[in-house]
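Visitor: Quick one: structure below, then a few questions.
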Amino acid sequence: MSKKVVVIGAGAAGLMAAGKAAEIGKNIILLEKNDRIGKKILISGKGRCNITNNTDIEGLIENIPGNGNFLYSAFYTFSNADLVEFFHKHGLQTKVERGGRVFPESDRAKDVVDALHRYVEKQNVKLWLKAPVEKIQIENGQVRGVKLKSGQEIECDSVILATGGVSYPGTGSTGDGYSIAKKAGHSIVDLKPSLIPLIAEEKWVKELQGLSLKNISITLTDTKGRKIYSDFGEMLFTHFGVSGPVILSSSRHILKYDYKNIKLWIDLKPALTEEKLDERVQRDFEQFSRKQFKNALDELLPQKMIPVIVHLSGISPDKFVNQITKEERRKLVKLLKNLEISIIGARPIEEAIVTAGGISTNEINPSTMESKLVRGLFFAGEVIDVDAYTGGFNLTIAFSTGYLAGMNC
């Protein structure tokens, strides 16, 4: 008689776990509380789905600030290269973009979900939609079954819990897995938002809403001026503060500061030293010497940014360029190299790309993903206390831990 396994959650981790377990001969029921599978995959990577990253395994671990070392076994068992090969085998071609990010060639997240759907169907996984779980039934430290919220009970030998975190609750990630794990005796490390847009104190930030800056560098410092993090890339101004790739990655580094009392410094011209930028500004000022200051920055800055920089520079907008002093010009250069924003918080956890915290890794065997407390209980994906930066790393965690749990359940 083949072993009966229930997988809870049909996201990236759950679909991979269910398919793998069925492939090696287990009898699988996959429970999903939504009316469709892979809802969070569909919105990932702005609807394009950044499946993984083509770095090496050490590179993966380096990009996982939340308990990366816990994942060595998972990555060596099912690596990012294995994952790409898996998708190719199931009819999804991929491409590599900047920073090693791997996307479907079609740029459609739906094609990723379809490939996973084909996989579980081919392995005869029984998929139950609209089937939220109440609890896992345990006897003498061993899984015996699950009880649905409808009251229905399913007997089984093993359970894989792959319910995701609490970010993007509209996709079904509402934290159910944490309460299910808690009822089974597991500890939950405090849940915090990771990869989250940040709130700025300055009112002028709102005036730049919708403006995206490319090729800028940022630095975050604490109250004592000590550097916490720096990065180079793209960012976005919003109605509440700042977002975009470099901001989201930086947010993980100020989680322990509770996202408060942090200074964000933006270098708008990182390719130029202060000296070189000063020379560049002088050339522009010579060219536009008869213009007013407010009309002389068009070649230096995006249109939307000019009024803000003019205001922050303290130079009168109506002053003619040929009347600007050397001291005023130097102050402007410093401003362009060190635009200062005070960070006073983060957006709600529901808006985070990923949840930091979750089921304690101390209570999970990293070689199998099995609970150290309950026999036959396995975990996969974001429900575990692991989290990574943007760039395909979080989905890699989901797929690799799902594969490992499916293999061992």
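Visitor: Could we say that residue 134 is of a type in the set (D, E, K, R), touching a helix residue (DSSP H, G or I) at 6+ places or on another chain (Cβ under 9 Å) and within 28 Å of residue 361 (Cβ to Cβ) here?
Guide: Against the criterion (of a type in the set (D, E, K, R), touching a helix residue (DSSP H, G or I) at 6+ places or on another chain (Cβ under 9 Å) and within 28 Å of residue 361 (Cβ to Cβ)), residue 134 qualifies.
Visitor: Continuing with this model, one more query. I'd like the residue in region 185-226 that is in a loop (DSSP other than H, G, I, E, B) and of a type in the set (Val, Ile, Thr) and, out of all such residues, is farthest from residue 165 (Cα to Cα).
Guide: Step by step, filter region 185-226, then rank; the result is 223.
Visitor: Let me ask something additional. Check region 197-220 and report whether any residue there is more than 19 Å from residue 341 (Cα to Cα), surrounded by 19 or more Cβ atoms within 10 Å (Cβ to Cβ) and out of contact with any Cys (no Cβ under 9 Å at 6 or more places or on another chain).
Guide: no
Visitor: Looking only at region 298-306, decide whether some residue is more than 18 Å from residue 337 (Cβ to Cβ) and charged (D, E, K, R).
Guide: Yes, there is a match, as at least one residue in region 298-306 is more than 18 Å from residue 337 (Cβ to Cβ) and charged (D, E, K, R).
Visitor: Regarding region 123-131, can at least one residue be identified that is among the charged types (D, E, K, R), out of contact with any strand residue (DSSP E or B) (no Cβ under 9 Å at 6 or more places or on another chain) and touching a residue at least 24 places away in the same chain (Cβ under 8 Å)?
Guide: Scanning region 123-131, I find at least one residue that is among the charged types (D, E, K, R), out of contact with any strand residue (DSSP E or B) (no Cβ under 9 Å at 6 or more places or on another chain) and touching a residue at least 24 places away in the same chain (Cβ under 8 Å), so the answer is yes.
Visitor: Anything in region 275-294 that is in a helix (DSSP H, G or I) and surrounded by 15 or more Cβ atoms within 10 Å (Cβ to Cβ)? List them, or say none.
Guide: Within region 275-294, 277, 278, 280, 281, 284, 285, 293, 294 qualify.
Visitor: Which one is farthest from residue 26 (Cα to Cα), of the residues in region 164-184 that are at pLDDT below 80, assigned to a loop (DSSP other than H, G, I, E, B) and of a type in the set (Gly, Ala, Ser)?
Guide: Among residues in region 164-184 that are at pLDDT below 80, assigned to a loop (DSSP other than H, G, I, E, B) and of a type in the set (Gly, Ala, Ser), the one farthest from residue 26 (Cα to Cα) is 167.
Visitor: Does at least one position in region 94-111 carry a residue that is within 14 Å of residue 31 (Cα to Cα), modelled with pLDDT of 95 or more and not acidic (Asp, Glu)?
Guide: no
Visitor: Wholly within region 301-381, which strands (runs of 3 or more DSSP E) include no fewer than the required count, namely at least 2 residues that are over 21 Å from residue 161 (Cα atoms)?
Guide: By residue number, 339-346.
Visitor: Assess whether residue 119 counts as being aromatic (Phe, Trp, Tyr) and within 24 Å of residue 85 (Cβ to Cβ).
Guide: Considered against the rule, which asks whether it is aromatic (Phe, Trp, Tyr) and within 24 Å of residue 85 (Cβ to Cβ), residue 119 comes out as yes.
Visitor: Tally up the residues in region 251-274 that are closer than 19 Å to residue 201 by Cα, in a loop (DSSP other than H, G, I, E, B) and polar (S, T, N, Q), please.
Guide: 1
Visitor: Quickly run through region 316-337 and pick out the residues that are of a type in the set (S, T, N, Q) and surrounded by fewer than 14 Cβ atoms within 10 Å (Cβ to Cβ).
Guide: 322, 323, 325
Visitor: Looking at region 382-407 only, could you name the residues that are closer than 27 Å to residue 157 by Cα, among the β-branched types (Val, Ile, Thr) and either without any contact (Cβ under 8 Å) to a residue 12 or more places away in the chain or part of a loop (DSSP other than H, G, I, E, B) (or both)?
Guide: 386
Visitor: Got a sec? Which strands (runs of 3 or more DSSP E) wholly within region 117-163 have at least 2 residues that are under 18 Å from residue 380 (Cα atoms)?
Guide: In region 117-163, the matching strands (runs of 3 or more DSSP E) lie at 133-139, 142-148, 158-161.
Visitor: Having 1 or more residues that are surrounded by fewer than 19 Cβ atoms within 10 Å (Cβ to Cβ), under 20 Å from the mean Cα position of the chain (by Cα) and among the hydrophobic types (A, V, I, L, M, F, W, C) is the bar; report the helices (runs of 4 or more DSSP H) wholly within region 13-104 that clear it.
Guide: 39-43, 57-62, 80-89
The values are calculated or read from the model by the stated rules, or taken from the named source; none is laboratory data. Because the structure is a prediction, the values reported are computed rather than measured. Every residue, glycine among them, receives a Cβ derived from its backbone with ideal geometry; neighbour counts consider all protein chains shown.
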